[in-house]
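Trainee: A single structure is presented below for examination.
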Amino acid sequence: MQTHVQVNEFHPFTNYDFSNFYFGSGDDPFDIIHTYNRWWEKAYKGGYHIYREPFTSGPGTTVSIRTNMGKDHHDLLNLSSYNYLGMAGSPVVKEAAIKALEKYGLGASGGPNLSGMFDIHRELEAAIAAFKQKEACTTFNSGYAANIGIISGIMRSGDTIFLDQFSHASIIDGAILSKAKTVFFRHNNAADLERKIAGVGGRKLVVVEGVYSMDGDYCNLPEILEVAKKHGARTMIDEAHSAFVCGENGRGVVEHFGLEDEVDIHMGTFSKALGGIGGYVCCDEGLIQYLEAFARSRFFSCTLPPAVSAGVLASLRHIEAHPELRWQLWKNVAYLQKRLREEGVDIGNSVSQVMPVMVYEDASVFGIAQELRENGIFLQPVTYPAVSKGKARLRLSVSAAHTTEQLEYAAQTISSILKK
Ligand SMILES: Cc1ncc(COP(=O)(O)O)c(C=O)c1O
């Protein structure tokens with residue numbers, strides 16, 4: 001017999017989500033916090049406990065975790081880390097980071113413009129600029145900091161920023177911080193951008209992502225660029241998930257489309273394919289000079305730890321010398337996508353290493369993730385606000401380091417649990 005949710009029954013995933021806790025009533029700003037805390041206690045026990053659980057190993061193709069419910073899981077097949085080329089735990093990266101740690105110590109102890117810039121940072125920036133075949137590069141202490149710094153560094157009140165509706169939070173936050181007007185266009189829809197940009201005067205910036213972080217599809221770059229250029233807008237691409245993996249030489253979705261010289265601002269992060277942390281922007285020398293003065297998230301924040309910069313540089317050098325890592329990643333992507341689709345698993349329009357395993361209902365996605373764990377797979381659920389309501393999914397990442405046996409096990413286990 002089917003069970004129904006009673007009117008007064010508390011059901012954390014269908015009655016409430018994070019959107020209920022942005023605004024409180026009354027004069028005390030803490031009122032909403034207590035209300036949220038009461039909800040969270042129940043939601044946590046009802047399934048959200050699956051978040052914020054500590055790893056007790058590195059983010060390799062297998063991972064060990066200590067659950068918030070007090071259980072240790074060892075050697076789960078890891079399908080959730082961004083370690084696309086397997087570089088996070090690579091011996092060459094560790095060796096470079098350890099050497100730099102011994103030489104420089106732990107932190108940079110200063111912002112980049114005063115006392116936090118080290119030779120290793122400049123070396124890393126030069127290497128990234130050379131790899132991306134751009135005039136210059138500057139770095140930030142995260143990809144998030146890069147996006148907010150770049151966008152708010154050049155756009156001002158009275159300007160207009162056009163964003164894809166699926167833009168990452170860091171792009172949206174950069175636009176908010178800039179105080180420019182923000183206009184969203186439908187995902188990858190150049191015709192909708194055209195409708196919205198036509199007739200808008202003043203300074204304009206169109207921002208897109210190379211590979212969309214929750215859907216794994218490529219940006220419709222050729223058509224979007226055509227519209228942006230026609231209307232005199234500057235363009236920026238966030239290649240967080242596509243730099244170092246897409247394009248013949250790994251230069252990103254811009255290389256894939258042969259449009260490297262057509263985009264004005266190229267942003268990316270070190271936290272995905274390079275297995276480290278940090279953000280970068282590549283473009284003309286003049287714009288880099290300006291951003292080093294006006295990107296406040298860079299100017300007013302401590303520089304990346306030198307040891308991280310050394311590790312990221314070693315990671316870049318290694319992937320440049322070993323293109324076969326990229327080739328292996330694309331073989332793995334093709335294999336898993338084919339097997340999942342054969343098994344009838346809905347992975348949307350993904351064409352990359354980022355694959356959404358669509359579940360749609362928040363109420364089911366936590367139980368599915370839990371069951372996957374019981375069957376040896378770490379694959380995290382994603383719900384609102386990371387994706388729209390009613391678009392809950394398991395966000396799957398493939399790595400070059402995964403074996404065919406691991407991918408086959410993933411395809412069979414995911415499909416059999418979803419069928420249940
Ligand atoms: C598209 C996109 N841009 C920027 C970021 C932020 O990068 P980071 O995690 O390196 O701060 C992310 C992170 O997932 C992302 O998906």
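The values are calculated or read from the model by the stated rules, or taken from the named source; none is laboratory data. What you see is a predicted model; the values in this text were computed from it and never measured. Backbone-built Cβ (ideal geometry, glycine too); neighbour counts: all protein chains shown. For accessibility, only protein heavy atoms count, side chains too; no ligands or nucleic acids. Shrake-Rupley method; radii C 1.70, N 1.55, O 1.52, S 1.80 Å.
Trainee: Using a Gaussian network model of the chain with C-alpha springs under 10 Å, which one of T235, T404, T383 is most mobile by mean-square fluctuation?
Mentor: Of T235, T404, T383, the Gaussian network model singles out T404 as fluctuating most.
Trainee: Can you tell me which of Q289, Q353, Q328 moves the most in a GNM of the chain? Springs connect C-alpha atoms under 10 Å apart.
Mentor: Q289
Trainee: Further question: Per residue, how many Å² of accessible area does the chain show with a 1.4 Å probe?
Mentor: Values: 19050 Å² over 420 residues.
Averaged over the residues of the chain, the accessible area is 45 Å².
Trainee: For the range 113-121, in order, what is each residue's ³J(HN,Hα) by Karplus, 6.51 cos²θ - 1.76 cosθ + 1.60 with θ = phi - 60°, in whole Hz (x at glycine and Pro)?
Mentor: Working through the residues one at a time gives 8, 9, 9, x, 9, 10, 4, 5, 5 Hz.
Trainee: Going by average Cβ density within 10 Å per residue, which order do the peptides 294-307, 90-103, 202-215 take, highest to lowest? Don't skip to the answer; put the middle values down first.
Mentor: Details: 294-307: 20.6, 90-103: 16.0, 202-215: 23.1.
Packing proxy ranking, top to bottom: 202-215, 294-307, 90-103.
Trainee: Quick one: Debye curve from the C-alpha atoms of the range 50-171, no solvent, what's log10 I(q)/I(0) at q = 0.13 Å⁻¹?
Mentor: -0.87
Trainee: Apply the Karplus curve 6.51 cos²θ - 1.76 cosθ + 1.60, θ = phi - 60°, to the phi angles in the range 241-248 and return the couplings in whole Hz, x for Gly and Pro.
Mentor: Whole-Hz 3J(HN,Hα) from phi for the range 241-248: 9, 10, 5, 6, 10, 8, x, 4.
Trainee: For the range 91-321, give the share of DSSP beta bridges that are antiparallel, in percent and rounded to the nearest 5; count only bridges with both residues there. Spell out each step's value before the answer.
Mentor: Numbers: 10 of 27 bridges.
Given both bridge residues lie in the range 91-321, the antiparallel proportion sits at roughly 35 percent.
Trainee: Could you tell me which of rounded, prolate or oblate describes the range 1-110, using a ≥ b ≥ c as the square roots of the eigenvalues of the alpha-carbon gyration tensor, with rounded for a/c under 1.5 and, failing that, prolate when a/b is larger than b/c and oblate otherwise?
Mentor: oblate
Trainee: Could you tell me the convex hull volume per residue, in Å³, taken over the Cα atoms of the range 313-411?
Mentor: With only Cα atoms used, the range 313-411 gives 118 Å³ per residue.
Trainee: Calculated from DSSP H runs of 4 or more alone, at -39500 (n - 2.57) each and per residue, what is the 222 nm mean residue ellipticity of the chain, nearest 500? Present the calculation step by step, with values, prior to reporting the outcome.
Mentor: Details: 15 runs with 169 residues, N = 420.
Taking each H run of at least 4 residues, the total per residue is -12500 deg cm²/dmol.
Trainee: While we're looking at this one, here's another question. Please find, in a Gaussian network model of the chain (springs between Cα atoms separated by less than 10 Å), the residue of I32, I176, I151 whose mean-square fluctuation is greatest.
Mentor: I32
Trainee: Starting at 0 and stepping by 10 Å, how many percent of the alpha carbon pairs of the range 192-257 end up in each bin?
Mentor: Percent of Cα pairs in each bin: 22, 47, 26, 6.
Trainee: Tell me the Kirkwood radius of the range 91-321: reciprocal of the mean inverse pair distance over distinct alpha-carbon atoms, in Å.
Mentor: On the way: mean 1/r = 0.0565 Å⁻¹.
Answer for the range 91-321: a Kirkwood hydrodynamic radius of 17.7 Å.
Trainee: Round to a whole number: what % of the accessible area of the chain belongs to carbon and sulfur, probe 1.4 Å? Present the calculation step by step, with values, prior to reporting the outcome.
Mentor: Numbers: 10240 of 19050 Å².
Percent of accessible area from carbon and sulfur atoms in the chain: 54.
Trainee: Counting other Cβ atoms within 10 Å, keep those with at most 11, restrict to DSSP loop, and tell me which chymotrypsin sites (Phe, Trp or Tyr not before Pro) in the range 1-100 are left. Working shown, then result.
Mentor: Working: sites: F10, F13, Y16, F18, F21, Y22, F23, F30, Y36, W39, W40, Y44, Y48, Y51, F55, Y82, Y84; in loops: F10, Y16, Y22, F23, F30, Y51, Y82, Y84.
Those that pass, being in a loop and sparsely packed, are Y22, F23, F30.
Trainee: Here's a follow-up. Which percent, to the nearest 5, of DSSP beta bridges fully inside the chain are antiparallel?
Mentor: Working: 23 of 42 bridges.
Close to 55 percent.
Trainee: Give the Kirkwood hydrodynamic radius (Å, one decimal) of the chain, defined as one over the mean of 1/r across all pairs of different Cα atoms. Mind dumping the intermediate values first?
Mentor: Working: mean 1/r = 0.0439 Å⁻¹.
For the chain, the Kirkwood estimate is 22.8 Å.
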